[in-house]
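Chemist: Take this structure first; my questions come after.
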Amino acid sequence: MHSMQATQRSVATDEPRWVRWSLIALALAFLGFFLVLPLFSVFAEALRKGWALYVEALIEPDAIAAIQLTLIVTAIALPLNLVFGVAAAWAIAKFDFKGKSLLITLIDLPFSVSPVVAGLIYVLLFGAQGWWGAWLMEHDIKIIFAVPGIVLATVFVTFPFVARELIPLMEAQGTEEEQAAMVLGASGWQLFWKVTLPNIKWGLLYGVILCNARAMGEFGAVSVVSGHIRGMTNTIPLHVEILYNEYNFVAAFAVASILALLALVTLAAKSWVEWQADRQRALDARMATDQ
Amino acid sequence: MKFKQASVLPGFNLAFGYTIVYLSLIVLLPLSALVIKTSSLSWAQFWDVVSDDRVLASYKLTFGASLLAAGLNLVFGLLVAWVLVRYQFWGKRFIDALVDLPFALPTAVAGIALTTLYAPNGLIGQYLAPLGIQVAFKPLGIVVALTFIGLPFVVRTVQPVLQDLEAELEEAAACLGASRWQTFCKVIFPAAMPALLTGFTLAFARAVGEYGSVIFIAGNIPFESEIVPLLIIGKLEQYDYVGATAIATVMLAISFALILVINTIQWWHSRRHGMRK
């Protein structure tokens, strides 16, 4: 009796062993069913009929065109939102002005808007019956059902990624280091490249990784503006949809497996960046105490 | 009162100006196009579209399935966050990284993978079919897809709160004679409450607008398994821009309302804890 009380006291803020293991088992079962199995099934279905058919689905001209288009769209959308994210974070985190929280809410807005609505708003502006539809038609400029529309929709849905990583990070870092650099005579650009950028590089990279994953994988918004023209305006996710709806399951999953691989690389890169950022923080903290 | 506080740092005008111009061009102007287009309808026209029986059925389905999915995520998200923060087990870091999979995996891929798993002849569906449970091509399938999509939200909002919870609070509760379950209900749960609510609302907001993962598994039958975003696409494909715009405006209003809810929860939370953001 006495000894039992002693052990009970030592684990007063811990659960009994059986509770612990049942909770772990339940959590793992949930994640297994909802995360691991779907991921696994993408690769299993893709390779169901062997490697030859798998490779064939990937080197088919329409698949290559879809991969190229996705890379082009991402190569345009990513730098745009990167520059915006840095500019917005600089203005918001380093200065005090009125209406700041409203501005942050507006920047986050694209996350809350349904992808379908995101696509629709560009159709209302640039579509044949839209605001500028007649003018665009006259000048033979195609935006909807063409690459520019896909780029715009992608820029919209990935709009907040870099900004929302950088704003809290730069706010936490304050302005002391930049002010010191100013006193020492640094120019604005020197200040940014030599003081601010090294401090935010991991946060920046983190935002870029997330932005890239979403840009390459966006489906709903792009689907509204693309028009699904094979070999012309199909991104990888849209190509997957078409193959799937044609009951060409092996090819659909083969192409989907590129996106699943991209997701795995994204998760690995994200974990690596988090680890690096933690390491840098620990290093900075140690240097601060050494001084 | 001045608009901006003085600062020695350069670049405010450039950065602020660029932010406003870019935000206006990409987000504000297109969204206002939606609102302006809707305001060109008469109230009766607008009401006819958004209160049509088929549209009402799809609101009911979308909100019902989203609530269920967000509820599932609330329970299991807390469980997963708890297990990841409090317990040690093999492969924990891998599992922790994997929780973000729904953010990284394109929705269309998630959609076809879940459909294949839960179809009557699929890996999971084959065991559910004899029990009379059909998931794919039924409303239940929508709940499964939305649960997948919203999974990381609750985990990622609750995890840091559980991590920062002071051990002293739980020790004090134990010293005062509380059982472990009482400590959880009266000490840990209230502390995690605002984060849980935020995560729930985020998951719900995401679920309401979700399209890619749902359309494959839903079956898309009018009055039974047709979600609101699909209805917008359907109207667009029939060149019914008025109908699409009116329903999209309702969706946009709901998005705004949910942002307001999230901001209120956070404001309430920071006020209760007497700290300023």
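All of the numbers you see were taken from the coordinates with simple rules; none came from a lab. Treat the numbers as computed from the prediction; the structure is a model and nothing was measured. Here Cβ is always computed from backbone atoms with ideal geometry, including for glycine, and neighbour counts include all displayed protein chains.
Chemist: Using a 10 Å cut-off on Cβ atoms, rank the peptides A:155-166, B:5-16 from the highest mean neighbour count down.
Modeler: A:155-166, B:5-16
Chemist: Could you tell me whether chain B comes out rounded, prolate or oblate from its Cα gyration tensor? Rule is a ≥ b ≥ c as square roots of the eigenvalues, rounded for a/c under 1.5, then prolate if a/b exceeds b/c, otherwise oblate.
Modeler: Numbers: a/c = 2.01, a/b = 1.13, b/c = 1.78.
Verdict is oblate for chain B.
Chemist: With +1 assigned to the C-beta of every Lys and Arg and -1 to the C-beta of every Asp and Glu, and no other charges, what is the dipole magnitude of the protein assembly as shown about the Cα centre in debye, to the nearest 20?
Modeler: Working: 36 positive and 37 negative charges, 215 e Å.
The calculation lands at about 1040 debye.
Chemist: Still on this structure, please answer the following. Among A:Ala260, A:Ala180, A:Ala75, whose mean-square fluctuation peaks in a Gaussian network model of chain A (Cα, cutoff 10 Å)?
Modeler: Sorting by GNM fluctuation, first place goes to A:Ala180.
Chemist: Return the single residue from B:Arg93, B:Arg54, B:Arg156 with maximal mean-square fluctuation; model: Gaussian network over chain B, springs between Cα atoms under 10 Å.
Modeler: B:Arg93
Chemist: Binned at 20 Å from 0, what are the whole-percent values of the Cα-Cα distance distribution for the protein assembly as shown, short to long?
Modeler: 19, 52, 26, 3, 0
Chemist: Still on this structure, I have one more. Given a 10 angstrom Cα cut-off, can you work out which residue in B:Val135, B:Val21, B:Val144 is the most mobile in a GNM of chain B?
Modeler: The residue with the greatest mean-square fluctuation here is B:Val21.
Chemist: State which helices in chain A qualify, where a helix is a whole DSSP H run, it must extend 30 Å or more along its own axis by its Cα atoms, and its mean Kyte-Doolittle hydropathy must be at least -0.5. If you can, show how the numbers build up before the last one.
Modeler: Numbers: long enough: A:61-94 (49 Å, 1.61); A:249-290 (60 Å, 0.71).
For chain A, where a helix must reach 30 Å along its axis and average at least -0.5, the hits are A:61-94, A:249-290.
Chemist: Among all the lysines, which ones have a C-alpha under 20 Å from B:Lys37's C-alpha, if same-chain residues fewer than 8 places away are not counted?
Modeler: Once the sequence-local lysines are set aside, what remains near B:Lys37 is B:Lys235.
Chemist: Cα-Cα over 24 Å: which of A:Lys94/B:Lys2; B:Lys60/B:Lys138; B:Lys92/B:Lys186?
Modeler: Values: A:Lys94/B:Lys2 17 Å; B:Lys60/B:Lys138 14 Å; B:Lys92/B:Lys186 28 Å.
In this structure, B:Lys92/B:Lys186 lie more than 24 Å apart at Cα.
Chemist: Could I ask something else about it? Would you kindly derive the ³J(HN,Hα) couplings of region B:236-241 from the backbone phi angles with the Karplus curve 6.51 cos²θ - 1.76 cosθ + 1.60 (θ = phi - 60°), listing them in order in whole Hz, with x for Gly and Pro?
Modeler: So the Karplus estimates, Gly and Pro as x, are 4, 5, 8, 6, 8, 5 Hz.
Chemist: Which of A:Ser223, A:Phe84, A:Trp189 sits closest to the plus end of the dipole of region A:49-286, meaning its Cα is farthest towards the positive end, when Lys and Arg get +1 and Asp and Glu get -1 on the C-beta?
Modeler: A:Trp189
Chemist: Let me ask something additional. So which aspartates and glutamates can B:Lys4 reach, going by Cα to Cα under 16 Å and dropping same-chain residues fewer than 8 places off?
Modeler: A:Asp96
Chemist: Please state the relative contact order of chain B as a whole percent: Cα pairs under 8 Å, 6+ residues apart? Kindly include the intermediate steps, with their values, before the conclusion.
Modeler: Numbers: 293 pairs, mean separation 74.8, N = 277.
Worked out over chain B, it gives 27 percent.
Chemist: Something else now. Assuming a ≥ b ≥ c are the square roots of the Cα gyration tensor eigenvalues, decide whether region A:206-291 counts as rounded (a/c under 1.5), prolate (otherwise, with a/b larger than b/c) or oblate. Can you show the working numbers first?
Modeler: Numbers: a/c = 6.33, a/b = 2.95, b/c = 2.15.
It is prolate, given that a/c is not under 1.5 and a/b is the larger ratio.
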